[in-house]
1. Can you find even one residue in the range 128-139 that is surrounded by 23 or more Cβ atoms within 10 Å (Cβ to Cβ), farther than 22 Å from residue 40 by Cβ and free of Cβ contacts under 8 Å to residues at least 24 places away in the same chain?
2. How many residues are surrounded by fewer than 22 Cβ atoms within 10 Å (Cβ to Cβ) and in contact with a strand residue (DSSP E or B) (Cβ under 6 Å, 6 or more places away or on another chain) if we restrict to the range 153-174?
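Please treat every number below as a calculation from the coordinates, not as lab data. Treat the numbers as computed from the prediction; the structure is a model and nothing was measured. Don't worry about glycine lacking a Cβ; one is built from the backbone with ideal geometry, like all the others, and counts go over all protein chains shown.
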């Protein structure tokens, strides 16, 4: 499994992920769990890297976050995932969507579950095997005004890694700036945090 975390601030959204995957109780290194497509869009997944790759690819090709209309966006995303699944000659719902996805846009933070349901997140959330530890850390540290959003997300995943053997550093964190009208941009460099 893994741990992914999303945090919604006043003007920014922070998205973070650890760097491992687990298959049959064997832990493998993986740095492909968080993909920043541009400064308006990033995606992280607790699940198969191919799912995250497909989701990121389809989001980039089919969605314009600056023109986000939630019901239309949800349907377009479902269509894009199904289309990608057909290209891979798979059943999209059963074999491609084997991950919980956190999607950060300049309009908000969303979670898409394996059944393709899309929900907006307010505050913070976490998914994966280290979810409970990360949520506890987020709830406790959220009251500390000295912690930046980046440090809070990083710290939550580091704490999850201490107690969950399927969560491992390094941690990658990206920032999306919330805005009503954003122009096209190139991705900013994600940050890696290793200290607890």
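1. Looking through the range 128-139, at least one residue is surrounded by 23 or more Cβ atoms within 10 Å (Cβ to Cβ), farther than 22 Å from residue 40 by Cβ and free of Cβ contacts under 8 Å to residues at least 24 places away in the same chain.
2. Result for the range 153-174: 2.
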